[in-house]
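In what follows, a structure is listed as structure tokens, so that the remarks can point back to it.
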Amino acid sequence: MQVVTIVTEMRRLRAQMTGSVGLVPTMGYLHEGHLFLVRRARADNEHVVVTIFVNPTQFGPQDDYQRYPRDPERDLRLLEQEGADVVFMPSVEEMYPQGFDAWVEVGESLTGRLEGAARPGHFRGVTTVVAKLFEIVQAQWAYFGQKDGQQLAVIRKMVADLNMGVEIVGLPTVREPDGLAMSSRNVYLSLDERRAATILSRSLGRACELFDGGERRAEVIRGEMRAVLASEPLARVEYVSVADAETLAELEAIGGLALVSLAVRIGSTRLIDNVTVARRRAEYPLS
Ligand code: AMP
């Protein structure tokens, strides 16, 4: 496995690759959710490139950029075990040299809602860095988690509208045995908060139960989810949404594929989670 930090070096290695290249962009502090993407990339491609970059432009001034967890040595050990070929881990200066001033942006109708409403500028940072990584790595396939459901929709839109030559693969959310979606941020949770954090997947579980029982009225589902969340004193709800999975417009009634999502603060930690529901539920069981 080769570890590179310089863009020109990454390009040089890429130019030597023949056959398909799979890219897995991450911010590091890897867990089984990331490794699931890497395994899939490994199974699908001759070459696997994983990137580790905590991207400052997608964090707001109140966000956790400084204290975002980092453990590059452990990450590299895990990626070696998974058979990654190249790990690209540039510095902030390498990705954003002095005077950097070009941005890739997907329109407000997708990025102004949900996470975008709660975190202004977040998706501009995400699409800019992902576009740069696509340009540098020139992969045929790029792997993303459904865990960040809106991010996946935004990236698909960027790739489609800008005719980027990469296929996006979205993979289901990997969960802890009690249902909590794996996230690098789970490390922030105290013992009590960790227990309380299962309220997110329990609330989504309630939505699935209602949907499976034939409920299609979005407001009824949102209301029941809020009621579940209200039973947890440590939870502060930011949003509960039942939206069209592609346009992210809030629904009155579920017809096609819907994204049921929520953002909740447990103590000072902000957690997000989602499931997609269609005629049949397109998700792994929550627990
Ligand atoms: P991050 O390091 O949080 O930026 O995540 C890197 C990639 O891993 C993104 O495509 C995420 O959606 C994906 N990911 C994060 N957590 C999970 C999870 N629990 N299951 C599946 N994919 C995940």
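Mind checking the per residue accessible area of the chain for me, 1.4 Å probe, whole number of Å²?
Per-residue accessible area for the chain comes out at 47 Å².
Taking DSSP loops as anything outside H, G, I, E and B, show the longest stretch in the chain free of trypsin sites (Lys or Arg not before Pro) there with at most 11 other beta carbons within 10 Å.
68-278
Angle, helix 122-137 long axis vs. longest principal axis of the chain, Cα atoms, 0 to 90°, nearest 10?
On a 0 to 90 degree scale, this one is about 40.
Roughly how big is region 174-257's charge dipole about its Cα centre, with Cβ charges of +1 (Lys, Arg) and -1 (Asp, Glu), in debye to the nearest 20?
On the way: 11 positive and 15 negative charges, 53 e Å.
Computed charge dipole of region 174-257: roughly 260 debye.
How many percent of the accessible area of region 143-258 is carbon or sulfur, using a 1.4 Å probe?
Of all accessible area on region 143-258, carbon and sulfur atoms account for 51 percent.
Defining a contact as two alpha carbons under 8 Å apart and six or more residues distant in sequence, what relative contact order in percent does the chain show?
Dividing the mean separation by the residue count of the chain yields 17 percent.
FRET efficiency for Ala15 and Glu46, Cβ-Cβ distance as r, R0 = 22 Å, nearest 0.05? Mind dumping the intermediate values first?
Values: r = 14 Å, r/R0 = 0.66.
Approximately 0.95, to the nearest 0.05.
Taking the Cα centre of the chain as origin, sum charge times position over the Cβ atoms of Lys and Arg (+1) and Asp and Glu (-1), and report the length of that vector in debye to the nearest 20.
300
Could you order Ser91, Ser203 by accessible surface area, starting with the largest, using a probe radius of 1.4 Å? Walk me through the numbers before you get to the answer.
On the way: Ser91 50, Ser203 0 Å².
Most to least solvent-accessible, the answer reads Ser91, Ser203.
Relative contact order, percent, of region 153-287 when contacts are C-alpha pairs under 8 Å separated by at least 6 residues?
On the way: 201 pairs, mean separation 31.8, N = 135.
Rounded, it is 24 percent for region 153-287.
If each of Glu80 and Glu135 carries a label point 7 Å out from its Cα toward its Cβ, how far apart are those two points in nm?
Here the answer is 3.3 nm between the modelled labels.
The values are calculated or read from the model by the stated rules, or taken from the named source; none is laboratory data. Computed from a predicted structure; not experimentally measured. FYI the Cβ positions are ideal-geometry reconstructions off the backbone, even for glycines, and counts take in every protein chain you see. Ligands, DNA and RNA are stripped out before the accessible areas are found, and what is left, the full protein with its side chains, is counted by its heavy atoms. Shrake-Rupley method; radii C 1.70, N 1.55, O 1.52, S 1.80 Å.
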